[in-house]
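Chemist: Quick one: this structure, given as structure tokens, is what I'll be asking you about.
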Amino acid sequence: MSLHGVDLSNNNDAAHVASAIASKTNAFIIAKASEGEHTGDAKHAGIVKAARTARKAVGHYHFGHPTQDPITEAKHFLAAAGAQVGEVLALDLEASEGTWHQRLDYALKFLAYVKAQTKASPLFYTYTSYITGLLSVATAEQAKELKAYPLWAADPNNPAGHPAIEGWGVWTIHQYGIVSNIDQNMLNGDLNTWKALAIPAPAPKPAPAPAPAPKPTPAPAPAPAPTPVKAYTMVIFGIGSDAMTAAAACESFQPKGAVATARLDVAQAALKAGDQVIAVGGPANTAIGFKHAKAGTVAVSGKQIAVQGATAGDSYVLLGRYLATGK
């Protein structure tokens, strides 16, 4: 299968340009965008706009001068073309200036730069004798590199679809003739072939990595067990309690010497060694006033209470004790 198209430039008058773009025969339009290092084509923008509006496949070409800097020309071409995704690019190299070595070097550098910038292999437009001259000075590696680009063969001497392509192998477009001063071309393929030659759409941006799942909030570490605090609750025997009478709870005693001791009666049988008690008193004359309160501890042996710091002659009353509520 093949497609027909035309290439246009400022050499074509407006009427013929409009007719060529409107023709249903022409599936593609290739417009000259630039020449040399600085020159643009005055009709390029209008041709391209009309071709896009008419939904034609669009291409752009640059007319090269091999004695000038190929990279400068390639940059100028890309800026002038303003090519879009799906559009084809081409280098027209047929100028006789320079040597074959210069022409070959120019072609390879220009084509490689355009390909690197656009990710599309540009068409290489030339004719049979020019191909022969380039390949005559090319190394095997250079020849392989050059022939990797799709060939746009200018050969009006052979029927459409049968260009002479000395040493190339396969042709992509054949410029086979002129009608109404407009170059006629045939694509060796269909629209899929054209798309394969064209500037590709940029690769989609990778989807952002999913946000990591939130780490579960760790359960708070159990609060350390509080440092045991020895706490006591004071129980006053015989006051507000049915367990014993005031007479049973309260027992007066007097210390002998520096340590007060008193025998506790059976009502205090719950006391055990290590309990703390409250003994209130002081000198005998003030015992009832409870002006002095001194803590005593139950003796380890027997049920006796000793008031620390007591002096002989003091008189004390045992009011109660502290019960441990902690460990």
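The values are calculated or read from the model by the stated rules, or taken from the named source; none is laboratory data. Note that this is a predicted model, so its numbers are computed, not measured. Neighbour counts are summed over all protein chains in view; Cβ atoms, including those assigned to glycine, are modelled from backbone coordinates with ideal geometry.
Chemist: Looking only at region 1-57, count how many residues are acidic (Asp, Glu) and over 20 Å from SER180 (Cβ atoms). Talk me through it step by step, then tell me what you get.
Modeler: So the first thing to find is which residues in region 1-57 are acidic (Asp, Glu), and the list is 7, 13, 35, 37, 41.
Restricting the remaining residues to those that are over 20 Å from SER180 (Cβ atoms) gives 35, 37.
So the count comes out to 2.
Chemist: Go through region 157-183 and report how many residues are within 27 Å of VAL85 (Cβ to Cβ), among the β-branched types (Val, Ile, Thr) and not in a loop (DSSP other than H, G, I, E, B).
Modeler: Keep residues of region 157-183 that are within 27 Å of VAL85 (Cβ to Cβ), which gives 170-175, 182-183.
When the remaining residues are screened for being among the β-branched types (Val, Ile, Thr), the result is 170, 172-173, 182.
Subsequent filtering for residues that are not in a loop (DSSP other than H, G, I, E, B) retains 173, 182.
Result for region 157-183: 2.
Chemist: Still on this model: Could you say which residue among VAL48, VAL85, VAL58 is within 42 Å of the chain's Cα centre (by Cα), surrounded by fewer than 16 Cβ atoms within 10 Å (Cβ to Cβ) and in contact (Cβ under 8 Å) with a residue 12 or more places away in the chain?
Modeler: On the way: VAL48 fails: surrounded by fewer than 16 Cβ atoms within 10 Å (Cβ to Cβ); VAL58 fails: surrounded by fewer than 16 Cβ atoms within 10 Å (Cβ to Cβ).
Being within 42 Å of the chain's Cα centre (by Cα), surrounded by fewer than 16 Cβ atoms within 10 Å (Cβ to Cβ) and in contact (Cβ under 8 Å) with a residue 12 or more places away in the chain holds for just one of VAL48, VAL85, VAL58, which is VAL85.
Chemist: Now a separate question. Determine which member of the set ALA83, ALA18, ALA42 is more than 23 Å from PRO202 (Cβ to Cβ) and assigned to a loop (DSSP other than H, G, I, E, B). Lay out the reasoning, then the answer.
Modeler: Details: ALA83 fails: more than 23 Å from PRO202 (Cβ to Cβ); ALA18 fails: assigned to a loop (DSSP other than H, G, I, E, B).
After ruling out the rest, the residue left standing is ALA42.
Chemist: So MET186 clears everything in (1) touching a Ser or Thr at 6+ places or on another chain (Cβ under 7 Å); (2) at pLDDT 95 or above; (3) not in a strand (DSSP E or B) except one condition, right? Which one?
Modeler: Condition (3) is where MET186 drops out.
Chemist: Separate question: Can you tell me which residues in region 189-221 are part of a loop (DSSP other than H, G, I, E, B) and closer than 30 Å to GLN142 by Cβ?
Modeler: The answer is GLY189, ALA198, ILE199, PRO200.
Chemist: Quick check: anything in region 124-140 in contact with a strand residue (DSSP E or B) (Cβ under 7 Å, 6 or more places away or on another chain) and under 17 Å from SER2 (Cα atoms)?
Modeler: To start, the set of residues in region 124-140 that are in contact with a strand residue (DSSP E or B) (Cβ under 7 Å, 6 or more places away or on another chain) comprises 124-127.
Filter once more, so that each one left must be under 17 Å from SER2 (Cα atoms): none.
Checking region 124-140: not a single residue is in contact with a strand residue (DSSP E or B) (Cβ under 7 Å, 6 or more places away or on another chain) and under 17 Å from SER2 (Cα atoms).
Chemist: Go through region 152-183 and give me each residue that's of a type in the set (D, E, K, R) and out of contact with any Ser or Thr (no Cβ under 8 Å at 6 or more places or on another chain).
Modeler: Initially, region 152-183 is screened for residues of a type in the set (D, E, K, R), giving 155, 166, 183.
ASP183, the sole residue that qualifies.
Chemist: Within region 93-111, take every residue that is among the small types (Gly, Ala, Ser) and touching a residue at least 24 places away in the same chain (Cβ under 8 Å) and give me the one that is surrounded by the fewest Cβ atoms within 10 Å (Cβ to Cβ).
Modeler: Quick first cut of region 93-111, residues among the small types (Gly, Ala, Ser) only: 95-96, 98, 107.
Now narrow it down to the ones that are touching a residue at least 24 places away in the same chain (Cβ under 8 Å): 95, 98, 107.
On the way: ALA95: 17, GLY98: 15, ALA107: 24.
This residue is GLY98.
Chemist: With the requirement that a residue be of a type in the set (Lys, Arg) and closer than 30 Å to MET1 by Cα, what does region 185-222 give you? Full working, then the answer.
Modeler: So the first thing to find is which residues in region 185-222 are of a type in the set (Lys, Arg), and the list is 195, 205, 215.
The one that is of a type in the set (Lys, Arg) and closer than 30 Å to MET1 by Cα: LYS195.
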